[in-house]
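Remarks on the structure that follows.
The values are calculated or read from the model by the stated rules, or taken from the named source; none is laboratory data. Given the structure is predicted, the values throughout are model-derived calculations rather than measurements. With ideal geometry, Cβ positions are generated from the backbone for all residues, glycine too; neighbour counts draw on all protein chains shown.
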């Protein structure tokens, strides 16, 4: 077997094997059961609650959860916005990086608050170490926000009928202290020992192989990169993200960062089954997501390994695959796999230039974000999938003449309206933003690196990445302009919080309803048949919404390449 393929299989299976026990541990954490970290975490959490005057024993309904979630995110936004616009006057700025302009600061801080990390700046020159530390803090709390929101849905289906869905602050703090922080310490240690910098000193002087003197940026990168991947944030400490030799110096760090991306999205699936004691439902969800993931990942690996046919026609050795925009230390296969993992899971980190991907590989990367429900980001991946479950329950129930029910709760008009709104919001944000960019070329024409079909793909990718809270880019786009900063900032806000508000509202409404015991008229939702129905609904929604624009972008790009 090809060693590159063996490495990919090892990474994926390793992530699953680690996620299964981690899922059980996560369920125990949120359920308040004893864990091995209680000795350290209990005193820390008590002191945090005491200082903030939070009453952890007071339960909240779904509206109070949302109020708490939105309030703390607003506070983080204001603090970060001020910091980025004044960073040149603040400490921990050894390289004297300047203040950010208002539109870039607006985009940057929103992007990190919403777990997207769409970066229209280069980390080496765009932010100080103090700002990097604040952005690292946001990577922790934005991930914890998504996880806490998912636990509200867990709580809604754990009880037969209730208005009390736990305490948001308890779920949030436990996500940080008992899950994210301990695992990050392990990941950061591996990265640091493999050569990733972890220092507060400024740029270093090095001598190149050609004998030239040059400055190399460094900083507290190992800790930043650990939470960047574990929390499915994706923001690079350096401008080239995980293609940078300091962020991802060896194949071991590449495997570590890959597994870190997969770990919590997979573990949250298994945690859901443990938490509500319905493991078969978890297996159905895992099966649907994994089939969808394979349908995107396997073609990408094959296309990138086969290389560019035009290069081959020129008589150039193409045996290494399509290596334009890729790192030789990682290889075409592992890069192709990463490109789907990072877009399916909404991490958004890159170890290659996605703009250099083969045209249909770029299409799959777009599709992964357009579908946005195969694994997904920490917490929010389950929320996105939950919306499609509600749609599938309602549609399949009507098709076979059975009562639309999910886990003993009837799906009625209110829940369906919310689910439909959330399902249609995603394509609306992507297609509207792209359409405006195309309709008013004065806003975008000077920012495109490529004309015609590929130029459309660059614009489409930027809005897709923003709406999916992904953060990766084709990077052929000169995106640091007022138009791109403000337009994607608005899409970031709507694409993050409305898909959280919708599922929590649905779960809260269902939790209040009377539990209906299963009967002969109940549609089973933990079977392979229902899983196929959910997958069909996902594909129909994505195909109907996005196929026309994909034809005008990456598919047309593919046929153009094939005719050369």
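Answer yes if at least one residue in the stretch 465-479 is in a loop (DSSP other than H, G, I, E, B), touching a residue at least 60 places away in the same chain (Cβ under 8 Å), touching a strand residue (DSSP E or B) at 6+ places or on another chain (Cβ under 6 Å) and closer than 23 Å to residue 385 by Cα, and no otherwise.
No: zero hits.
Tally the residues that are over 30 Å from the mean Cα position of the chain (by Cα), surrounded by fewer than 19 Cβ atoms within 10 Å (Cβ to Cβ), in contact (Cβ under 8 Å) with a residue 60 or more places away in the chain and under 26 Å from residue 158 (Cα atoms), restricting the search to the stretch 391-442.
4
Given the condition outside any helix (DSSP H, G or I) and farther than 21 Å from residue 282 by Cα, answer yes or no: does some residue in the stretch 142-162 qualify?
yes
Does residue 162 count as at pLDDT below 95, out of contact with any strand residue (DSSP E or B) (no Cβ under 6 Å at 6 or more places or on another chain) and surrounded by fewer than 24 Cβ atoms within 10 Å (Cβ to Cβ)?
yes
If you scan the stretch 296-326, which residues turn out to be surrounded by fewer than 17 Cβ atoms within 10 Å (Cβ to Cβ) and under 28 Å from residue 15 (Cα atoms)?
Selection gives 298, 302, 306, 320, 325.
So residue 21 passes all but one of these: (1) at pLDDT 95 or above; (2) closer than 26 Å to residue 252 by Cα; (3) buried (at least 17 other Cβ atoms within 10 Å of the Cβ). Which condition number does it fail?
Of (1) at pLDDT 95 or above; (2) closer than 26 Å to residue 252 by Cα; (3) buried (at least 17 other Cβ atoms within 10 Å of the Cβ), only one is false for residue 21: (3).
From (1) part of a helix (DSSP H, G or I); (2) crowded, with 16+ Cβ neighbours inside 10 Å, pick out the condition that doesn't hold for residue 100.
So residue 100 meets the others, but not (1).
Select from the stretch 114-131 the residues that are in a helix (DSSP H, G or I) and surrounded by fewer than 24 Cβ atoms within 10 Å (Cβ to Cβ) and list them in ascending order.
Matches in the stretch 114-131: 124, 125, 126, 129, 130.
Give me the helices (runs of 4 or more DSSP H) completely within the stretch 299-375, filtered to those with at least 2 residues that are within 25 Å of the chain's Cα centre (by Cα), ordered by residue number.
The helices (runs of 4 or more DSSP H) meeting that bar are 332-344, 359-371.
Answer with yes or no whether residue 84 is in a helix (DSSP H, G or I), farther than 21 Å from residue 378 by Cβ and modelled with pLDDT of 95 or more.
Yes: the conditions hold for residue 84.
Filter the stretch 489-531 down to residues that are in a helix (DSSP H, G or I) and free of Cβ contacts under 8 Å to residues at least 40 places away in the same chain and give me whichever is surrounded by the fewest Cβ atoms within 10 Å (Cβ to Cβ).
The residue in question is 529.
In the list 151, 170, which residue meets the criterion of being under 27 Å from residue 23 (Cβ atoms) and crowded, with 24+ Cβ neighbours inside 10 Å?
Among 151, 170, only 151 is under 27 Å from residue 23 (Cβ atoms) and crowded, with 24+ Cβ neighbours inside 10 Å.
Pull out all pairs, ordered by first then second residue, where Cβ-Cβ is under 7 Å, the residues are six or more apart or on different chains, the first lies in the stretch 236-264 and is at positive phi, and the second is outside any helix (DSSP H, G or I) and modelled with pLDDT of 90 or more.
241/247; 241/349; 241/350
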